[in-house]
Amino acid sequence: MLTSGQSEGDASVASSSTPSADDAQPPSLATSSSLSTGKLQECIATEQWQDWRWHMRNRIRTVAQLREWMPTLKVSPGLLSAAEKFPLAITPHYASLIRQMDSSDPIYLMCVPQMQELCDPKFLCDDPLEEDEDMPVPGLVHRYGDRALLISTTTCSTYCRHCTRKRVAGMHESSISPRRLQQVVTYLLAHPEIHDVIVSGGDPLTMATENLERVLSSLRSVPSIDIIRIGTRVPVVMPQRVTDELVGMLRKFHPLYINTHFNHPNELTADSVAACAKLVDAGIPMGNQSVLLRGVNDHPKIIETLCRNLIRSRVRPYYLFQCDLVRGVEHFRTPLSRGIEIMEYLRGRLSGLAIPTFVVDAPHGGGKIPLLPNYIVSSSPTHTVLRNFEGMIVSYPEPGMSSETPQALPENVAPGVWELSSGQATSILPAASNRHNRRRRKAMPLFGQPAETSE
Ligand SMILES: *Cc1c(COP(=O)(O)O)cnc(C)c1O
Ligand code: SF4
């Protein structure tokens, strides 16, 4: 039996140029490691590898440094032009995660400049979310009533090729000045409806601990601020930064939440998992915001693996973002149907705790819009007809209908959707569902011996 849900899924597969959920092997879960030459290999075992300041000082920032650190890299003219156009920085830690020195590698794609970044269709722009229009004070984006986003620094340890804030991140590197911070506090004091401030950037955890502490304590001086969130990719690209000293400072500012940005299972190294554990152990709940990127993670099984590994590391998948319409990311964009297809795959297969919300951040500053497959099949005043992930269709009786006694269908008539929406039948089951076969075989009482069902 083909349900409406299944045929929709098929349609989205057909219209997508990327591999479908049915492909046996996702493209980038390869495990071979071919990167074992050059400066990286020499440094990896040294003591300084554990020092985040060493990683900051030794970021790969130029094409000459790329050549030095990654001798097997092929430097094309396209790479050179892209490196001139958008900021380049890669921590030695993140560079060491590259397993294949070409665009088949997800980590490579996210940090090494590529010719495709020069593709510049006219619907892409520098500030697609129009954040600059929503800044009452420079650096503070106030879009939603109850929360605001603070750009506390423009520095990141690694610049993501897919960054949505390229107009800010890395164009020049600086952190918020005490004078600016005072203006922000003044605005927050005048707007007690703001209860939640997201400290973002750039990457706030690249700041010196005392500078970040200055930001956090200024925010905490505003009585109407309930929670502070930090948005950071440091646990992914420079986990060495999560030191006891940093965590000791952060825990003074509870309730504090951290959202990080893992996109691929290869990023969840032992060091990264340990960094997250340290933060969670300090009472900081951690969430993850991934971006759906073509060739990196645009496959249901990659996202499933990522989410399973995250939740095991006590990091709760929060958002899965559609790629924004920012310059330089055209090659990363996937059709919206791909995200919907991934959500279809996850629901029912994966613990609800591990399922993120798929969102599109709307152009023109429309904000985040969640997207899901359609689960409502039909509705009438008396019944709403829903389908589940298996293709089972069920009728949900609306309140106040208890006195109605719908006509029962004759024995030999198979119900259709109308029979469900008019209350003449309650469900339509897909043939040969595993779950229903399981149910038929044994009915397990909660206590005592399993009993055979009367069929
Ligand atoms: C994403 C975002 C927020 C936070 O949104 P949540 O859905 O609460 O996570 C707040 N302000 C701006 C400008 C944002 O882009
Ligand atoms: S860490 Fe965030 S702000 Fe920095 S480059 Fe990556 S996406 Fe942009």
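The values are calculated or read from the model by the stated rules, or taken from the named source; none is laboratory data. All of these numbers come straight from a predicted model, not from anything done at the bench. Methodologically, a virtual Cβ is constructed for each residue, glycine included, from the backbone with ideal geometry; neighbour enumeration extends over all protein chains shown.
Looking across segment 71-105, just one residue is of a type in the set (Asp, Glu) and outside any loop (DSSP other than H, G, I, E, B), and that is 84. Scanning segment 287-302 for residues that are surrounded by fewer than 21 Cβ atoms within 10 Å (Cβ to Cβ) and within 16 Å of ligand 1 (Cβ to nearest atom) gives 287, 289.
When you check residue 330 against the structure, is it surrounded by fewer than 20 Cβ atoms within 10 Å (Cβ to Cβ), of a type in the set (D, E, K, R) and closer than 30 Å to residue 114 by Cα, yes or no? Spelling it out, residue 330 is indeed surrounded by fewer than 20 Cβ atoms within 10 Å (Cβ to Cβ), of a type in the set (D, E, K, R) and closer than 30 Å to residue 114 by Cα.
Looking at 148, 169, just one residue is within 14 Å of ligand 1 (Cβ to nearest atom), outside any helix (DSSP H, G or I) and small (Gly, Ala, Ser), and that residue is 148. Within segment 131-150, residues that are under 15 Å from residue 191 (Cα atoms) and free of Cβ contacts under 8 Å to residues at least 24 places away in the same chain reach partners that are within 16 Å of ligand 2 (Cβ to nearest atom) and in a strand (DSSP E or B) with beta carbons closer than 6 Å, at six or more positions or on different chains, in the pairs 135/141; 141/149.
When we screen 386, 409, 372, 353 for residues that are part of a loop (DSSP other than H, G, I, E, B) and at pLDDT 95 or above, the only hit is 372. Within the set 416, 448, the sole residue that is modelled with pLDDT under 70 and of a type outside the set (A, V, I, L, M, F, W, C) turns out to be 448. Restricting attention to segment 198-235, which residues are within 14 Å of ligand 1 (Cβ to nearest atom) and within 20 Å of residue 247 (Cβ to Cβ)? Within segment 198-235, 198, 199, 200, 201, 227, 228, 229, 230, 231 meet the criteria.
Considering each residue of segment 310-361, count those that are away from ligand 2 (no atom under 16 Å from the Cβ) and at positive phi, and give that number. Residues in segment 310-361 being away from ligand 2 (no atom under 16 Å from the Cβ) and at positive phi: 2 in total. For residue 86, which of the numbered conditions (1) under 30 Å from residue 271 (Cα atoms); (2) under 21 Å from the mean Cα position of the chain (by Cα) fails to hold? Exception for residue 86: condition (2). What about residue 108, is it within 13 Å of ligand 2 (Cβ to nearest atom), of a type in the set (Ser, Thr, Tyr) and more than 19 Å from residue 363 (Cα to Cα)? Against the criterion (within 13 Å of ligand 2 (Cβ to nearest atom), of a type in the set (Ser, Thr, Tyr) and more than 19 Å from residue 363 (Cα to Cα)), residue 108 does not qualify. Check segment 113-133 and report whether any residue there is within 14 Å of ligand 2 (Cβ to nearest atom) and either within 28 Å of residue 275 (Cα to Cα) or basic (Lys, Arg) (or both). Checked segment 113-133: at least one residue is within 14 Å of ligand 2 (Cβ to nearest atom) and either within 28 Å of residue 275 (Cα to Cα) or basic (Lys, Arg) (or both).
The combined condition, being surrounded by 21 or more Cβ atoms within 10 Å (Cβ to Cβ), modelled with pLDDT of 95 or more and within 21 Å of the chain's Cα centre (by Cα), is not fulfilled by residue 184. The set of residues in segment 144-172 that are more than 9 Å from ligand 2 (Cβ to nearest atom), of a type in the set (D, E, K, R) and modelled with pLDDT of 95 or more comprises 146, 147.
The condition of being at pLDDT below 95 and over 17 Å from residue 182 (Cα atoms) does not hold for residue 231.
Kindly indicate whether residue 258 is within 16 Å of ligand 1 (Cβ to nearest atom) and out of contact with any Gly (no Cβ under 7 Å at 6 or more places or on another chain). Yes: the conditions hold for residue 258.
Do we find that residue 177 is of a type in the set (Ser, Thr, Tyr), within 16 Å of ligand 2 (Cβ to nearest atom) and modelled with pLDDT of 95 or more in this structure? Against the criterion (of a type in the set (Ser, Thr, Tyr), within 16 Å of ligand 2 (Cβ to nearest atom) and modelled with pLDDT of 95 or more), residue 177 does not qualify. Residues in segment 309-338 that are of a type in the set (Gly, Ala, Ser) and more than 16 Å from residue 264 (Cβ to Cβ): 328, 337. Evaluating residue 110 against the criteria (1) touching a residue at least 24 places away in the same chain (Cβ under 8 Å); (2) assigned to a strand (DSSP E or B) leaves one unmet condition, (2). Candidates in segment 113-145 are the residues that are under 27 Å from residue 69 (Cβ atoms) and assigned to a helix (DSSP H, G or I); of these, the one that is farthest from ligand 1 (Cβ to nearest atom) is 115. The requirement of being under 22 Å from residue 293 (Cβ atoms) and either among the β-branched types (Val, Ile, Thr) or in the same structural domain as residue 92 (by TED's automatic domain parsing) (or both) is not satisfied by residue 199. Which residue is surrounded by the fewest Cβ atoms within 10 Å (Cβ to Cβ), if the candidates are limited to segment 132-160 and must be of a type in the set (D, E, K, R) and touching a Gly at 6+ places or on another chain (Cβ under 7 Å)? For segment 132-160, the residue satisfying everything is 133. Does residue 45 meet the test of being assigned by TED's automatic domain parsing to the domain that holds residue 225 and either surrounded by fewer than 18 Cβ atoms within 10 Å (Cβ to Cβ) or more than 16 Å from ligand 2 (Cβ to nearest atom) (or both)? So residue 45 fails the test.
Every condition in (1) assigned by TED's automatic domain parsing to the domain that holds residue 155; (2) of a type in the set (Val, Ile, Thr); (3) in contact with a Ser or Thr (Cβ under 6 Å, 6 or more places away or on another chain) holds for residue 137 except the one numbered (3).
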